[in-house]
Every structure is written in C-alpha cells, then in structure tokens.
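The structure appears below as structure tokens.
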Amino acid sequence: MHPRVLHPKIKGEHPGLSIGDVAEKPGATWRNTAADDTQPYEKRPAKLKENHEKDSAAYRAKGKPAAAKQGVVKAENARKRRGERRG
C-alpha cells in the first residue's frame, strides 16, 4: 500500500509513536511491497505530469490574452505620465 494510505492506520494502531517513527514504518512497508502492488501508485504521477505538460503547452500556445496585453499598456502609460522608467 501507498504510505499515504498506511499512515492513518499505523497512527491508529500505535498512538504513542512519534511523528518520525510513524513516518518510517510506511517507508519500510513500501520498500518491501511487490512491484505489482506499487505500480498503480507509480503510474498516477506520470499521468498527472503528462496532463500538466499538455495543459501547459496549450496555455503557452494561446499567448497572452488581450486583457493582459491591455493591462501592460495601461501600466506603461501610467509610468510615462508619472515620469518613471521601467525596470
């Protein structure tokens, strides 16, 4: 089982354990778990990363929205009126 799933179970079985001791037990259990049992938990982050990269690429491909560009122009015009320089 995944450490996140084991943590509450261990804490319930051994309420007197320190945080460090509770954290060590799921790690040891995870390392001793068969690869077939850990595979679903290891696939999930890969799928999330793939979705994130796809969403990020789509976002970058869109470019800046017109409102954001307009906001930059307004800020630059306001600086000019005040006599400030950018940067």
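Report the extension gain between TYR59 and SER18 in nm, rounded to one decimal, defined as 0.36 nm multiplied by the number of residues separating them, less their alpha carbon distance.
Working: separation 41, 0.36 × 41 = 14.76 nm, distance 4.44 nm.
Extra length available between TYR59 and SER18 comes to 10.3 nm.
Using 0.36 nm times the number of residues separating LYS9 and LYS49, minus their current alpha carbon distance, what extension gain do you get? Don't skip to the end; give the middle numbers.
Details: separation 40, 0.36 × 40 = 14.40 nm, distance 2.88 nm.
Full extension from LYS9 to LYS49 adds 11.5 nm.
Report the gain in length on full extension from ALA78 to TRP30: 0.36 nm times residue separation, minus Cα-Cα distance, nm rounded to one decimal.
Numbers: separation 48, 0.36 × 48 = 17.28 nm, distance 5.79 nm.
Additional length available on full extension: 11.5 nm.
Coordinate-derived values only; no laboratory data. Given the structure is predicted, the values throughout are model-derived calculations rather than measurements.
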